[in-house]
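Read-outs throughout are calculated quantities, based only on the coordinates presented, and are distinct from any laboratory measurement. Since we're looking at a predicted model, the values are computed, not measured. Cβ coordinates were reconstructed from backbone atoms using ideal geometry, including for glycine residues, and neighbour counts include every protein chain displayed.
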Amino acid sequence: MSRWHTNCDNPDIFVDGVLPRCRNCEKAPSDTDITALEHAPDPPWTVPPDEPAGQLGLYWPPCVPYREDSPCGDEGLSDFGLRWLYDEPSAVSGSSEMDVLCHQRSSKSSISTISTVYSRPLKAGEFRLVSLEAPEHADPLVHLTLETYDRNNCPEYEATSYSWGGEDGDYTLSKPVFIGPNWDILFQTPNCWSMLQCLRPRNRTRNVWIDAICINQGDPRERAEQVDAMRETYRRSMRLVVYLGNDVVCAQNRDSYPLRCGLDDIERTSI
């Protein structure tokens, strides 16, 4: 659970030192709450390991008149798998075990991970945007709002390009990002968190698309659909922000704006 004051109906959050606190219920996330939420994710976009021979769960569709008279490498196959390989297609057609298996796989793949951060799965043609507001003080806490839009009816936004793990390859979800009016906690990698700090506007709001946050990484179906639409997401953005890490970003006073320069000037100019 990412919400640290679940029984509060009228949240009024303010920053008390280094932690958010609710004026209504007088609660603040404790170190224990934050530690309990922290976990290490699977590295993004990794190829899963191959199953052992005979346990791949492969099958021919009923329309293929496939038959093999001599078993070949069928060690570990279930009785149903052997019947599928060697029986006539009509023997496993209709309401067969294969139909049940396909239904079970389809049902499992349709299960979505719903949390307090992501109220519902995205529909076809929808995507989320991060809305970053200017911080009231120079505090390190990152707070944002997630908004859902139709791709054909959305405000101007910026897309981001960065490495989840950064130069250190640290994919640990260890940095808390606070989301929405309840300040729900969603942990991000240190590099993503530092990018969010860099992107915070000095006034008003800034709409940004960030894959690690705008896509529910716990929902395989939504993740696959949004990755397929990623080219369109980048194409429709008004600008692409490339974050190269803290070594390139220079700390600025909140009263001044960052210096603009070209990439070819970075090595020659003291920014």
Exercise. Can you give the direction-averaged projected area of the convex hull of the alpha-carbon atoms in the range 123-261, in nm²?
Worked result: 9.0
Exercise. Using the per-residue mean of other Cβ atoms lying within 10 Å as a proxy for protection, in what order, highest first, do the peptides 176-189, 147-160 fall?
Worked result: 176-189, 147-160
Exercise. What's the local net charge at Arg206, with K and R +1, D and E -1, over the other residues with C-beta under 13 Å away?
Worked result: 0
Exercise. Whole-Hz Karplus ³J(HN,Hα) for the range 120-134, in order, using 6.51 cos²θ - 1.76 cosθ + 1.60 and θ = phi - 60°, x for Gly and Pro?
Worked result: 7, x, 6, 8, 4, x, 9, 7, 10, 10, 7, 10, 9, 9, 5
